[in-house]
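Enquirer: Input: one structure, supplied below.
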Amino acid sequence: MRPDVTTAYLELARPGGPFAGLMDRVAIPPGIRARDVRGLLSRPLFLAEEKARRAGADMRFLFDLLVSLPDRLFEGDFAAYGRALGLTEAQISLAGRTRVAEPTVFGRGDLYLRGGELKLLEFNLGSSIGGMEWVDINRALLAAPEFARFAEEHELGFHDPLAAIAAELTRHARRETGGERPLVVLTDWPGSYEHHIESFEMLAERLDGPALEVRSCAMGELRASADGVFLHGAKVDLLYRFFGLKEIAGTAGGFELAEPFLLAHEARTTPMFLPFEYSLYSNKRSLAMLSDERNRQVFAADELAVIDRILPWSRPLVPGEVVSPEGRVDLFDYCRARRTGLVLKPSSGFSAGGIVPGWACDERTWLDTLTYAASHSFVVQERVSPDPEPFREPGDDAISDFAVNWGLYVFGDGYAGGMTRGMPSENDPVIGGVAAMIGCLFHHPEAGCPK
């Protein structure tokens with residue numbers, strides 16, 4: 001029978017073993033090593049292929065449910081749906097201008113393993129998701145002969161999200177232009193692009209190829225109007241934007257700055273890759289609407305089975321009674337009484353920004369956050385303590401437990417690969433932002449299968 005891959009790897013990572021300090025020796029692109037303050041995890045992560053594919057299928061299914069929420073819960077009123085998420089009228093109007101009849105799933109789920117089963121904490125949707133280039137860590141490891149032998153012995157493999165994105169971009173661009181090698185430009189909001197320029201340039205280089213010409217640039221280098229978007233005189237066929245409604249609304253004059261790009265999108269002279277409506281489906285209140293028992297009557301039995309399997313208990317933080325794991329309760333009373341089993345999250349945002357885990361703060365901080373959240377757009381979610389993953393640091397024979405966030409991509413029809421982030425398990429951290437270490441993901445056949 002097949003040995004446990006993680007155990008086998010850790011044995012080879014003992015001091016003096018072939019995998020001791022391996023992550024420091026392999027030729028990982030400098031842009032990835034410089035990406036996060038905490039650096040790289042000391043080993044790759046391993047997940048059964050079938051488990052990842054099942055999660056991808058569940059997320060693909062959930063995406064369709066999210067897209068259906070305006071019709072199921074708001075009688076087709078997209079604006080009412082946006083208000084329920086806490087968006088402003090200006091944000092709702094902008095998102096509505098870019099809606100499409102059949103949205104394509106394009107996202108990354110942030111999942112924890114709990115009791116061996118994957119739970120979806122957040123579902124990041126739209127063109128602003130990142131981390132796909134970390135797949136180069138996989139390639140760097142396989143270029144090391146000692147790891148290549150290990151991968152062959154354990155039948156390890158990986159899915160390439162960059163290849164999946166390139167296929168999606170090609171399909172979108174050719175549908176719009178009919179050209180043989182469309183020009184796709186990656187850009188971000190002023191200030192953000194300049195801060196991450198190395199990552200954008202690296203991503204553009206990785207996506208560029210025979211089927212697509214891909215460049216990256218600062219937003220200020222583009223000239224936009226209803227006639228299209230132009231980069232130094234060249235007509236852009238598809239704009240791959242990494243900014244969203246939050247950046248636009250949070251910047252003085254942001255809507256005016258975005259308007260020419262909206263005009264080009266509406267005229268289809270230079271459409272955007274994926275509309276702004278994805279910001280609504282990615283909103284944490286949307287997932288909470290799926291979890292909310294008050295909405296169960298609008299879902300079929302097979303839909304409820306997926307919701308119950310992959311989503312933790314979560315509710316929009318609004319006054320009133322809800323059904324908790326302990327029965328029907330007043331939501332705010334329940335939050336006050338069950339601090340250590342709950343986490344508060346802003347409805348929009350990323351990289352763990354604004355998240356307050358009740359188990360990691362004192363009573364006063366929790367109550368103050370509840371007071372603040374009552375007048376802002378927040379959700380409350382049950383605490384999901386991830387199964388620990390063992391790590392051995394270079395030069396140390398001791399094993400340390402880490403908490404891992406499994407970032408699984410789903411594009412088009414299904415699963416498209418993954419990345420990982422991790423932190424020491426002590427105090428059950430919220431995994432994200434610059435405090436987390438980054439890593440790669442390999443798949444293996446199901447445990448217990450004959451080799």
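Yes/no per residue for (1) under 25 Å from the mean Cα position of the chain (by Cα); (2) under 30 Å from Val184 (Cα atoms); (3) not aliphatic (A, V, I, L, M):
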residue: Arg268; (1), (2), (3): no, yes, yes
residue: Phe276; (1), (2), (3): yes, yes, yes
residue: Arg285; (1), (2), (3): yes, no, yes
residue: Pro312; (1), (2), (3): yes, no, yes
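Enquirer: Quick one: would you say Arg72 is modelled with pLDDT of 95 or more, part of a helix (DSSP H, G or I) and within 30 Å of Leu203 (Cβ to Cβ)?
Expert: In short, no.
Enquirer: For region 199-216, which residues satisfy the criterion of being of a type in the set (Lys, Arg) and either in contact with a Gly (Cβ under 6 Å, 6 or more places away or on another chain) or in a helix (DSSP H, G or I) (or both)?
Expert: Listed by number, the list holds a single entry, Arg206.
Enquirer: Another one. So which residues in region 315-348 are touching a Pro at 6+ places or on another chain (Cβ under 8 Å) and either β-branched (Val, Ile, Thr) or on the phi > 0 side of the Ramachandran plot (or both), if there are any at all?
Expert: Within region 315-348, Val343 is the sole residue that qualifies.
Enquirer: Next up: Go through region 299-318 and count every residue that is surrounded by fewer than 16 Cβ atoms within 10 Å (Cβ to Cβ) and farther than 22 Å from Arg383 by Cβ.
Expert: 5
Enquirer: What is the residue count in region 363-400 for residues that are under 21 Å from Ser314 (Cα atoms), without any contact (Cβ under 8 Å) to a residue 12 or more places away in the chain and part of a helix (DSSP H, G or I)?
Expert: Residues that pass the stated criteria total 4.
Enquirer: Just give me the residues in region 175-205 being without any contact (Cβ under 8 Å) to a residue 12 or more places away in the chain and either small (Gly, Ala, Ser) or in contact with an Asp or Glu (Cβ under 8 Å, 6 or more places away or on another chain) (or both), in sequence order.
Expert: The answer is Gly178, Gly191, His196.
Enquirer: Moving on to the next point. Say we look at region 382-413 and pick out the residues that are among the polar types (S, T, N, Q) and surrounded by 15 or more Cβ atoms within 10 Å (Cβ to Cβ); which of these is farthest from Glu11 (Cα to Cα)?
Expert: Filtering region 382-413 for residues that are among the polar types (S, T, N, Q) and surrounded by 15 or more Cβ atoms within 10 Å (Cβ to Cβ), the one farthest from Glu11 (Cα to Cα) comes out as Asn405.
Enquirer: May I pose another question? Given the criterion at pLDDT 90 or above and either surrounded by fewer than 21 Cβ atoms within 10 Å (Cβ to Cβ) or more than 20 Å from the chain's Cα centre (by Cα) (or both), identify the matching residue among Thr420, Thr365.
Expert: Being at pLDDT 90 or above and either surrounded by fewer than 21 Cβ atoms within 10 Å (Cβ to Cβ) or more than 20 Å from the chain's Cα centre (by Cα) (or both) holds for just one of Thr420, Thr365, which is Thr365.
Enquirer: Can you tell me which residue in region 328-362 is surrounded by the fewest Cβ atoms within 10 Å (Cβ to Cβ), limited to those that are polar (S, T, N, Q) and part of a loop (DSSP other than H, G, I, E, B)?
Expert: Ser351
Enquirer: In addition: Determine which single condition Ala258 fails, assuming it passes every other condition in (1) modelled with pLDDT under 95; (2) within 19 Å of Arg108 (Cα to Cα); (3) among the small types (Gly, Ala, Ser).
Expert: (2) is the only condition that Ala258 fails.
Enquirer: For region 156-171, how many residues are surrounded by 15 or more Cβ atoms within 10 Å (Cβ to Cβ) and either touching a Gly at 6+ places or on another chain (Cβ under 8 Å) or not in a helix (DSSP H, G or I) (or both)?
Expert: Here the count works out to 9.
Enquirer: Looking only at region 143-170, count every residue that is in contact (Cβ under 8 Å) with a residue 24 or more places away in the chain and within 26 Å of the chain's Cα centre (by Cα) and tell me the total.
Expert: Number of matching residues: 14.
Enquirer: Six or more apart or on different chains, Cβ atoms under 7 Å: show the pairs whose first residue is in region 100-121 and assigned to a strand (DSSP E or B) and whose second is of a type in the set (Ser, Thr, Tyr) and exposed (fewer than 15 other Cβ atoms within 10 Å of the Cβ).
Expert: Arg114/Ser385
The values are calculated or read from the model by the stated rules, or taken from the named source; none is laboratory data. Everything numeric here is computed off the predicted structure, so don't read it as measured data. Positions of Cβ are backbone-derived with ideal geometry, glycine not excepted, and every protein chain shown enters the neighbour counts.
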